[in-house]
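One structure below.
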Amino acid sequence: MLGQSVCRHFRLYHDVIAPTRAELDICDERALRRQVTQARPDWVLHLAALTDVDLCQQQPELAYQVNTTAVAHLAAVCQDLDAPLLLMSSIAVFDGRKTSPYLEDDLPAPVNVYGQSKWQAEQIAATLPHHLIVRSGWLFGGGPADKKFVSKILSLAQQRARLAVVDDKTGSPTFTDDLAPGLERLLLDGQRGVVHLVNSGSPVTRYQLAAEIVRLAGLATDVVPVPSTHFPRLAPRPPMEAAASHYTNGWLPSWSVALQTYLAQLALWATIPDR
């Protein structure tokens, strides 16, 4: 999802080498070293991750292999080549007990395997002399291939008259097509260290986001709030996953404008035959 947006944007202005999952297994240390060494990149943007939170909880060895060990292998290559590394991380590295959006200098304390694997990856990346760790969250995008929250809500709302959505999880929805140019700006500005980058606007609950999706889509589905206990999940979720920043506040459009743009894109895609 994010990789597609980044490639689409960066290719307008930069030479991009972006092997697919089929072309490069990031857990294959030799293949990873060979790919990066041949490319001799000005920057390495590491966007790949295992983001299924419940799957990470169910298969922690796989989660750490993909989200942590692969970063260690990549960091070693970057160290040898003196290549700067951008690591995409997550607001899920925090425990969610804060009542306001998280800032860069808040202390991580993950509550699930996914968050822990990303936090460990951050600590590895931070050992490099030239690194940029970007935390974001509640991403949406992907177009017709979208299987995340926005697409799920649209699909369910078209099938049901009533939709129950949790109202005790809060975040900062972020459009990958906005995040991509934001990442480029960070690189061009010479930013280093840890940075939070999300769409602007007030934090929202999953329920509020779903209600806005249904409203913008012009659907009559009744969206009702329920506690997260209504939908038991394998992995615990932080109640607060919203983010703010000492550096990037106001960089990206509001999430509500971004959502409207994305829904318009989806509607356009739906009119294209054999897409």
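Numerical summary
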read-out	value
Antiparallel DSSP beta bridges within the chain, percent to nearest 5	10
Sum of side-chain charges, residue 109 neighbourhood, beta-carbon under 11 Å (Lys, Arg +1; Asp, Glu -1)	0
Residue order, fewest to most beta carbons within 10 Å, for 146, 80, 178, 168	80, 168, 146, 178
Hypothetical label at residue 23: residues of the stretch 34-77 whose amide nitrogen lies under 13 Å (7 Å Cα-Cβ projection)	35-36, 39
Footprinting exposure proxy for 147, 118 (fewest neighbouring C-beta atoms within 10 Å first)	147, 118
Residue order, fewest to most surrounding Cβ atoms within 10 angstrom, among 51, 37	37, 51
Per residue convex hull volume, Cα atoms of the stretch 2-270, in Å³	128
Under 20 Å from the residue 231 label point (7 Å along Cα→beta-carbon), backbone N, the stretch 159-189	159-176
Where labels lie 7 Å past Cα in the beta-carbon direction, separation of residue 97 and residue 33 in nm	4.2
Residue (of 166, 243, 66) at the positive-pole extreme of the chain, dipole from beta-carbon charges	166
Residue among 225, 86, 130 farthest towards the positive dipole end of the chain, charges placed on Cβ	225
Dipole magnitude (debye, nearest 20) for the chain, charges at Cβ of Lys, Arg, Asp, Glu	580
Two-decimal log10 I(q)/I(0) for the stretch 147-275, as the Debye equation yields it once each C-alpha is a single scatterer, q = 0.23 Å⁻¹	-1.37
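Read the figures in this text as sums done on the coordinates, not as results from a lab. Just so it is clear, the structure is predicted and the values come from calculations on it, not from any experiment. No Cβ is skipped: glycine too gets one built from the backbone with ideal geometry, and neighbour counts run over all protein chains shown.
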